[in-house]
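Okay, so here's the structure we're looking at.
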Amino acid sequence: VPPKKAMTADAVKRLEAIEALEDLGIGFTLATHDLEIRGAGEILGHGQSGQIQEVGYSMYTEMLDRAVRALKAGKSPQLDRPLDHGTEIDLHVPALIPEDYLPDVHSRLMMYKRIASAPEPAELDELMVEMIDRFGLLPPATRTLFALTAAKLKATPLGIRKIDLGPSGGRVQFNPNPDIEPASLVRLLQQDSRRFRLDGGDKLRVNADMPDVEARLALIDDLLDLYMDETET
């Protein structure tokens, strides 16, 4: 190749990408690097250069997917609105794939991506079986990760923004327009006012003794099943 001084900055980046990649599947990775270097272009327009390097490939594709779905629904894309990653759940316990269970960092990242991208509980169950078959019985932290992801799949369509539960309780925070019947909340407060109370118009306070993750997950399941039953009826 010519001396570095004679090459453009993009050419140097491409050579560095080629030099760093020597494993199976490098074609896709190299193409992704090239896409980030030159820009993805305006896929829905006529421009042939883009700004993917400003936000990264993953966020770019997520923003594009949201824009396409909005256009198909006859709406204007609201790209200035924060990306919606679903309900945030924090039980103050480890929820991860330990390094000693799956040492290869690339495999761990791929598993994290597949778990987070599972569209429904059935696919999540299949992924759990696959991991057990490939790597052995799941560690407690990984079982918790699957349980939290399953709860997120149930909570997100209901319009729940965040669930935060610790040993002595916590809170459930709703989006501005949750898909929950107000009657279900009223009935819950009437039946168990010692454990639950409203805090403003968008939070449900929980006062309960939950020393372990199993108790917190059980309470989440009970609440979500209550809301889902009300929504279905």
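The values are calculated or read from the model by the stated rules, or taken from the named source; none is laboratory data. Keep in mind that what you see is a predicted model, and the values were worked out from it rather than measured. FYI the Cβ positions are ideal-geometry reconstructions off the backbone, even for glycines, and counts take in every protein chain you see. For accessibility, only protein heavy atoms count, side chains too; no ligands or nucleic acids. Shrake-Rupley method; radii C 1.70, N 1.55, O 1.52, S 1.80 Å.
Within the stretch 85-115, the set of residues being open to solvent by 30 Å² or more (accessible area, probe 1.4 Å), part of a loop (DSSP other than H, G, I, E, B) and free of Cβ contacts under 8 Å to residues at least 40 places away in the same chain comprises His85, Glu99, Asp100, Pro103, Asp104. Would you call Glu123 farther than 30 Å from Asp199 by Cβ and open to solvent by 70 Å² or more (accessible area, probe 1.4 Å)? Spelling it out, Glu123 is indeed farther than 30 Å from Asp199 by Cβ and open to solvent by 70 Å² or more (accessible area, probe 1.4 Å). Residues in the stretch 123-173 that are closer than 24 Å to Arg205 by Cβ and charged (D, E, K, R): Lys152, Lys154, Arg161, Lys162, Asp164, Arg171. Counting only strands (runs of 3 or more DSSP E) that sit wholly inside the stretch 148-233, those with at least 1 residues that are open to solvent by 80 Å² or more (accessible area, probe 1.4 Å) and out of contact with any His (no Cβ under 9 Å at 6 or more places or on another chain) are 160-166, 196-199, 203-207. The set of residues from the stretch 205-228 being more than 14 Å from Ile89 (Cα to Cα), modelled with pLDDT of 90 or more and in contact with a Ser or Thr (Cβ under 7 Å, 6 or more places away or on another chain) comprises just one member, Asp209.
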